[in-house]
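Colleague: Structure below; questions to follow.
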Amino acid sequence: MNERTAVIFDFGGVVTTSPFEAFNRMEAERGLPHDLVRRINTLNPDGNAWALFERAEIDADTFDVVFAEEARALGYELPGRDVLALLSGDLRPRVVEAIDRLRADGYRLGCITNNMPTGHGAQMSATAAKAQAIADVIARFDHVVESSKVGVRKPDPRIYGLACDGLGVRPEQCVYLDDLGINCKPAAALGMRAIKVTGEDQLLRDLAAALT
């Protein structure tokens with residue numbers, strides 16, 4: 001018998017399209033190296049501009065300057081504000097439908113999102129209308145943990161514990177979905193069934209298998 005009673009979702013790159021897709025388009029348009037933003041964000045991962053902003057330790061103006069300095073140190077010009085403008089992805093309707101089915105089937109639903117105090121709403125949307133559409137989906141979760149509100153960000157194991165505590169479940173009762181392998185590893189180490197999301201079809205297929 002499957003004892004998984006809860007499903008915890010990352011949001012960006014899982015429930016929505018990945019912002020890295022938008023970053024890659026921008027990089028191509030500007031003649032910048034593919035995955036430059038991702039590369040910048042992996043340097044000094046606990047203390048760079050990205051990490052500081054996701055823990056709400058700096059504001060948007062400071063992020064703009066510090067990120068630009070980090071890009072310049074690699075030999076490129078890229079203001080942080082241009083990255084922030086691309087943060088919010090588009091909802092994946094089939095994933096939203098899956099969330100609704102899980103809820104109807106009685107699963108506890110959680111969300112852990114690394115986000116920043118910028119834009120509109122939890123997913124940093126560019127417009128209030130988009131933020132409302134995102135909020136309507138976030139309302140479906142029983143518990144949501146936002147890095148910018150709790151001051152802890154993935155892959156810090158503490159943030160997964162906060163989600164489990166909020167849902168009233170043990171890690172081994174949970175399936176966890178994230179598009180970044182570095183964020184899946186701590187979840188798996190705690191006992192969750194971690195699924196690295198590479199696409200919508202794969203997400204739905206692997207989630208169904210994990211709950212069978």
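The values are calculated or read from the model by the stated rules, or taken from the named source; none is laboratory data. Please read these numbers as outputs of a predicted model, since none were measured by experiment. Note that we place each Cβ from the backbone using ideal geometry, even for glycine, and neighbour counts take in every protein chain shown.
Colleague: Report, by residue number, each residue of segment 62-97 that is modelled with pLDDT under 95, out of contact with any helix residue (DSSP H, G or I) (no Cβ under 8 Å at 6 or more places or on another chain) and either part of a helix (DSSP H, G or I) or of a type outside the set (D, E, K, R) (or both).
Modeller: ALA85
Colleague: Can you pull out every residue in segment 140-166 that is crowded, with 21+ Cβ neighbours inside 10 Å and either free of Cβ contacts under 8 Å to residues at least 24 places away in the same chain or in a helix (DSSP H, G or I) (or both)?
Modeller: Residues satisfying the conditions are SER147, ILE159, TYR160, ALA163, CYS164.
Colleague: Among the residues of segment 149-163, are any over 30 Å from THR62 (Cβ atoms) and of a type in the set (Gly, Ala, Ser)?
Modeller: Looking only at segment 149-163, we keep the residues that are over 30 Å from THR62 (Cβ atoms), and these are none.
Checking segment 149-163: not a single residue is over 30 Å from THR62 (Cβ atoms) and of a type in the set (Gly, Ala, Ser).
Colleague: Would you please list the contacts, defined by Cβ atoms under 8 Å and residues six or more apart or on different chains, that run from a residue in segment 4-22 that is at positive phi to a residue that is assigned to a loop (DSSP other than H, G, I, E, B) and among the small types (Gly, Ala, Ser)?
Modeller: From segment 4-22, the pairs are GLY13/GLY89.
Colleague: Which members of segment 167-176 meet the condition of being without any contact (Cβ under 8 Å) to a residue 60 or more places away in the chain and over 25 Å from THR198 (Cβ atoms)? Explain how you work it out, then say what you get.
Modeller: Residues of segment 167-176 that are without any contact (Cβ under 8 Å) to a residue 60 or more places away in the chain, as a first pass: 170-171.
Correct list: ARG170 only.
Colleague: Determine which member of the set PHE53, PHE11 is assigned by TED's automatic domain parsing to the domain that holds ASP142 and within 19 Å of the chain's Cα centre (by Cα).
Modeller: The conditions single out PHE11.
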